[in-house]
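Asker: Dumping the structure here so I can ask a few things about it.
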Amino acid sequence: MEVIIRPTAGRAARLAARLVAGALRAKPALVLGLATGRTMEQVYAELVALHQQTGLDFSQCATFNLDEYIGLPADHPWSYHEYMRRLLFSRVNLSPARTRLLDGLAEDVAAECARYERLIREAGGIDLQLLGLGSDGHIGFNEPLSALRSRTRPKALTPATLAQNAALCGGDPDRMPRRALTMGVGTILEARRCLVLVIGASKADILARAVEGPLTAMVTASALQLHPHCQVIVDEAAAVQLQGQDYYRWIFANEPEWAPYRQDPAA
Ligand code: GLP
């Protein structure tokens, strides 16, 4: 795992977007795993800007979203289908046939989850999985005590998650869906590369537990410590509780792989 600290939320999000863009340029048929939440809004805005300004080409890219609320139709304003359509899919040249999300209205939930796992396999697996961090340490909707080898399945959401996500769902946690379909921790760990973006002081404690704390199903993001290629991009506000800050800063300032990004004033 690598942790990279950037001075502001905007620069952290821009660096994450540039890493995605670099992967897409290197492999135009990239299989890209997508996340939602407020953190990702800036990443998608930056990818749209790169598409418009530099011609970043999504035409051969395939996408798989991490999760979707159970019980919401795809065109519901709170659904992740709608979030993705609004922030990315309608604004870049992704082929609709290659953008996949779980169906929150599926009658046979087990069959839907099995279908999704099969589609990921048939696509050759996920090359790069974007991830945010829930306030309870979740990745996707893998709430505390999710098995660290879990596969795509339904999960009941914790009160912390309902409170955290209420802002994107009309503001009232009591009116939100209580369950979601999510890729499992095991599904996520099979992505060839994971890119996590964490911003803001409210995530400082859970970030430190996820990256420097013990591996535990109580903080499912801690399972990323097992991943052979996981990069965690954070802003200063989120980084304040990290024990290894000096080392992480040295990595970004000195390691050759980060040279192109050190010279990029936006990132
Ligand atoms: C939701 C998503 C997660 C995401 C999290 C972070 O719970 N299921 O994939 O990481 O939100 O949300 P935010 O970026 O709004 O803090």
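The values are calculated or read from the model by the stated rules, or taken from the named source; none is laboratory data. Just so it is clear, the model here is predicted, and its values are computed rather than measured. Ideal geometry is used to build each Cβ from the backbone, glycine not excepted, and the neighbour counts take in all protein chains shown. Note: areas computed on protein heavy atoms with side chains; ligands, DNA, RNA excluded. Shrake-Rupley method; radii C 1.70, N 1.55, O 1.52, S 1.80 Å.
Asker: Are any residues in segment 180-204 open to solvent by less than 10 Å² (accessible area, probe 1.4 Å), hydrophobic (A, V, I, L, M, F, W, C) and either assigned to a loop (DSSP other than H, G, I, E, B) or more than 21 Å from LEU148 (Cβ to Cβ) (or both), and if so, which ones?
Answerer: Within segment 180-204, MET183, ALA191, LEU197, ALA204 qualify.
Asker: Being free of Cβ contacts under 8 Å to residues at least 60 places away in the same chain, assigned to a helix (DSSP H, G or I) and either within 16 Å of the chain's Cα centre (by Cα) or more than 15 Å from the ligand (Cβ to nearest atom) (or both) is the requirement here; does ALA17 meet it?
Answerer: Yes: the conditions hold for ALA17.
Asker: May I ask you to list the residues in segment 241-259 that are open to solvent by less than 80 Å² (accessible area, probe 1.4 Å) and assigned to a helix (DSSP H, G or I)?
Answerer: Scanning segment 241-259 gives GLN245, TYR248, ILE251, PHE252, ALA253, ASN254, TRP258, ALA259.
Asker: Next question, about the same structure. State all residues of segment 205-214 that are among the aliphatic types (A, V, I, L, M) and more than 12 Å from the ligand (Cβ to nearest atom); if no residue qualifies, say none. Write out each step before concluding.
Answerer: Within segment 205-214, the first condition is being among the aliphatic types (A, V, I, L, M), and the residues that meet it are 206-208, 210-211.
ALA208, VAL211 - these are the residues of segment 205-214 that are among the aliphatic types (A, V, I, L, M) and more than 12 Å from the ligand (Cβ to nearest atom).
Asker: Within segment 92-99, is there a residue that is in contact (Cβ under 8 Å) with a residue 24 or more places away in the chain and surrounded by fewer than 17 Cβ atoms within 10 Å (Cβ to Cβ)? Talk me through it step by step, then tell me what you get.
Answerer: Here is the first cut: in segment 92-99, the residues in contact (Cβ under 8 Å) with a residue 24 or more places away in the chain are 92-95, 98-99.
Still in the list and also surrounded by fewer than 17 Cβ atoms within 10 Å (Cβ to Cβ): 93, 95.
Checking segment 92-99: at least one residue is in contact (Cβ under 8 Å) with a residue 24 or more places away in the chain and surrounded by fewer than 17 Cβ atoms within 10 Å (Cβ to Cβ).
Asker: Let me ask something else about it. Restricting to segment 145-177, count the residues that are assigned to a loop (DSSP other than H, G, I, E, B) and either modelled with pLDDT under 95 or within 13 Å of the ligand (Cβ to nearest atom) (or both).
Answerer: The number of residues fulfilling the criteria is 9.
Asker: Now for a different question. Being open to solvent by 60 Å² or more (accessible area, probe 1.4 Å), out of contact with any His (no Cβ under 6 Å at 6 or more places or on another chain), in contact (Cβ under 8 Å) with a residue 40 or more places away in the chain and among the polar types (S, T, N, Q): is that true of THR8 here?
Answerer: Yes.
Asker: Is it true that SER202 is among the hydroxyl-bearing types (Ser, Thr, Tyr), within 10 Å of the ligand (Cβ to nearest atom) and over 15 Å from the mean Cα position of the chain (by Cα)?
Answerer: yes
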